[in-house]
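For reference, the structure discussed in these notes is given below.
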Amino acid sequence: QVHLMESGGGLVQAGGSRRLSCVASGRTFNIDHMGWYRQAPGKERELVATITSGGSTNYADSVKGRFTISRDTAKNMVYLQMNSLKPEDTAVYYCNLRTLGIGYWGQGTQVTVSS
């Protein structure tokens, strides 16, 4: 079993920055990738960014150039640095980890961007 806990959400003004963190505990070996997803009210959950065990990254087009995903393998942590935030970035952000073909989710952290 894997447990994920996110932190760093909150209220931020448009144009501002926020850094999300996620720590993984439990069976955290053979991790394929970790990442961030988000879900806005009335919308489906969508990919924000992922990072593989080898360090390769993937971003949604809507966040490219503004968000950066990084990972501290030794600490089993993944981060999402969000810059130039827009009101449309408002959502619950979820940490995701995939290992041995199984995906795990955190409980989510709310990010609200005011205009």
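Readers should treat all values here as calculations from the given coordinates under stated rules, not as data from a laboratory. Computed from a prediction, not measured in an experiment: that's the story for all the values here. So basically every Cβ, Gly included, is an ideal-geometry build from the backbone, and we count neighbours across all protein chains shown.
Worth pointing out:
- Note on the chain: dipole from Cβ charges, positive end direction compared against Ala74, Ile51, Thr112; the farthest Cα belongs to Ala74.
- Reachable lysines, given that their alpha-carbon falls under 21 Å from the alpha-carbon of Lys64 and they are not under 8 places away in the same chain: Lys43, Lys86
- Simple label model, 7 Å out from Cα along Cβ direction - Ser84 to Met5, nm: 3.4
- Whole-percent pair-distance distribution, where bins are 10 Å wide, for the alpha carbons of region 13-86: 18, 50, 27, 5
- What you get for the chain, charging only the Cβ of Lys and Arg (+1) and of Asp and Glu (-1), is a dipole of about 140 debye around the Cα centre.
- For GluC sites (Glu not before Pro), the sites in region 32-115 that DSSP calls loop and that have at most 11 other Cβ atoms within 10 Å are Glu44.
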